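Scroll down for the structure; my scribbles are underneath it.
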Amino acid sequence: GLLDKKETVKHSTVDISRYAHYLEKEKNRRIRTNQDSVRLFEETIDYVTARGIQMVLIHIPVIDLLNDIDPGNQKKMIQIFKSQGKKKHVTFLNYSEEYDHRHELFFDLRHLNEKGKKMITSRLISDLKAIHD
């Protein structure tokens, strides 16, 4: 975008049927939590916020079909972010719950198309302004 590369612009909408085989294969995988990474994540947040720096954690949506493969562990991951969002100087913005089911906003299973990018960016700007005010 910043380099005006038009080949990165995605206007089409995800064709779920193209990913049926991939989604079927993914059913055997589970979200894995690396406890060392979680600990480092939490330590980093504590380090930054102890210095009075405001942190905003943002969960950008991926299509619900991926999240639905392992909903229990997906919820655990979101809970890690939510718990950090309760700390002083930390805000957690979760756009997944509101937008992950809106397939018209996706180019593929993980990436938003231009309509989705504009919608999420607009929402993020609004939310950041509200935090700042």
Any hit, region 28-39, residues being basic (Lys, Arg), modelled with pLDDT of 90 or more, in a helix (DSSP H, G or I) and surrounded by fewer than 13 Cβ atoms within 10 Å (Cβ to Cβ): yes
Within region 74-105, considering residues that are of a type in the set (S, T, N, Q) and in contact (Cβ under 8 Å) with a residue 40 or more places away in the chain, the one surrounded by the fewest Cβ atoms within 10 Å (Cβ to Cβ): Thr91
Matching residues, region 120-130, being open to solvent by less than 60 Å² (accessible area, probe 1.4 Å) and either hydrophobic (A, V, I, L, M, F, W, C) or more than 16 Å from the chain's Cα centre (by Cα) (or both): Ile120, Leu124
Out of Ile45, Ile125, Ile63, sole residue that is in contact with a strand residue (DSSP E or B) (Cβ under 8 Å, 6 or more places away or on another chain) and modelled with pLDDT of 95 or more: Ile45
Verdict on Lys10 being at pLDDT below 95, in a loop (DSSP other than H, G, I, E, B) and either surrounded by 10 or more Cβ atoms within 10 Å (Cβ to Cβ) or of a type in the set (S, T, N, Q) (or both): yes
Matching option when the condition is of a type in the set (Asp, Glu) and outside any helix (DSSP H, G or I), among Asp127, Asp108: Asp108
Yes/no for Ile63 being open to solvent by less than 50 Å² (accessible area, probe 1.4 Å), among the β-branched types (Val, Ile, Thr) and in contact with a His (Cβ under 7 Å, 6 or more places away or on another chain): yes
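The values are calculated or read from the model by the stated rules, or taken from the named source; none is laboratory data. Keep in mind that this is a model prediction, so the values were computed, not measured. Here Cβ is always computed from backbone atoms with ideal geometry, including for glycine, and neighbour counts include all displayed protein chains. Side chains are part of the model used for accessible areas, which takes the heavy atoms of the whole protein and leaves out ligands, DNA and RNA. Shrake-Rupley method; radii C 1.70, N 1.55, O 1.52, S 1.80 Å.
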